[in-house]
Ligand SMILES: [Fe+2]
């Protein structure tokens, strides 16, 4: 048996896709400039079965208002293409935007899925937010918890979940046919990689997760969760690249960069970064699978703002 059986399985899946054994999935991406997030609707053209990867619920922090402009673009697209949503995939518990998965589930159906290690993220943040016993740290807020190597499908297209920790302990990447959704691991080659300084983050682990993904075929299409343009020079947002491009030119982890070099760079860079604007609202909601906290006795829902805790 291969040393890394799930990765070998993913590699074979992508090679079968490249050989034309099943249709290549079609990917339509939606970019939210407010949070720099790319959400993806991926579907099997043969069966019209679809998955939504990393959706965004709009949140105006000043007023505390949530809205569904981004999510409704996805709803409109899914309906106009007559797609049937089977999966609402989260690559991790995002710290920069609220997930719209529950809204999309109500509108379109689908199974909300995330990595099984969300439980450790829930344990960490249940302490930060002093959640009571009603908040379960067992991932039960989600419909499906994926472990490394778990297989699923999108119509006729096989798919596999890979555990790629480092940015957070629970990050997953999803291989669907020849398309790889990497969440917050690597970004566009000219921008580099995701930060590793949130609770439970680990730069060495992120390096190993990325190098693992880089063993997949060079032609694998890679879809990212974020883009920030790359200073200086790039003027357009971008969210699609390939494993080959990452290996040859990712500024943080191209071929030849060793783990120690990466960890030194990542740790120094992370020390300069502010916390994301929406980390406290986002994690509080996303650890509930995107559901807002229960209303208080006056019918209003509240988010907590822990002071001096992060
Ligand atoms: Fe993230």
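Coordinate-derived values only; no laboratory data. From a predicted model like this one, the values you see are computed outputs, not experimental measurements. Cβ: placed from backbone, ideal geometry, glycine included. Neighbour counts: every protein chain shown.
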Connecting C-alpha atoms closer than 10 Å in a GNM of the chain, tell me which of 133, 203, 194 has the biggest fluctuation. 133
Viscosity 0.890 mPa s, 25 °C: Kirkwood-radius Stokes-Einstein D of the chain over Cα pairs, µm²/s: 125 µm²/s
Gain upon complete extension [residue 156, residue 248; 0.36 nm per residue less C-alpha separation]: 29.9 nm
Would you mind classifying region 182-255 by shape? Square roots of the alpha carbon gyration tensor eigenvalues, ordered a ≥ b ≥ c; an a/c under 1.5 is rounded, otherwise it is prolate if a/b is larger than b/c and oblate if not. oblate
Among 66-74, 248-256, 297-305, what's the highest-first ranking by average C-beta atoms within 10 angstrom per residue? 66-74, 248-256, 297-305
For region 21-126, one quarter of the surface area of the C-alpha convex hull, expressed in nm², comes to 7.7 nm²
For region 87-132, what is the Kirkwood hydrodynamic radius in Å, using each pair of distinct C-alpha atoms? 11.9 Å
Final fewest-first order of 221, 16 on the 10 Å Cβ neighbour count is 16, 221
Before rounding to the nearest 500, sum -39500 (n - 2.57) across all DSSP H runs of length at least 4 in the chain and divide by the residue total; then give [θ] at 222 nm in deg cm²/dmol. -8000 deg cm²/dmol
Exposure proxy check on 118, 243, 257: fewest-to-most Cβ neighbours within 10 Å is 257, 243, 118
Shape of region 138-202 from its Cα gyration tensor (a ≥ b ≥ c, root eigenvalues): rounded if a/c is under 1.5, otherwise prolate when a/b > b/c, or oblate? oblate
Run through all the Cα pairs of region 50-202 and give the fraction in each 5 Å bin from 0, expressed as whole percent. 2, 9, 16, 20, 21, 18, 10, 4, 1
Could I have the simple spin-label model distance between residue 272 and residue 82, label points 7 Å from Cα toward Cβ, reported in nm to one decimal? 5.3 nm
Residue 4 to residue 228: FRET efficiency via 1/(1 + (r/R0)^6), r the Cβ-Cβ distance, R0 22 Å, to the nearest 0.05? 0.10
Between residue 261 and residue 279, what length in nm is gained on full extension when 0.36 nm per residue of separation is reduced by their alpha carbon distance? 3.7 nm
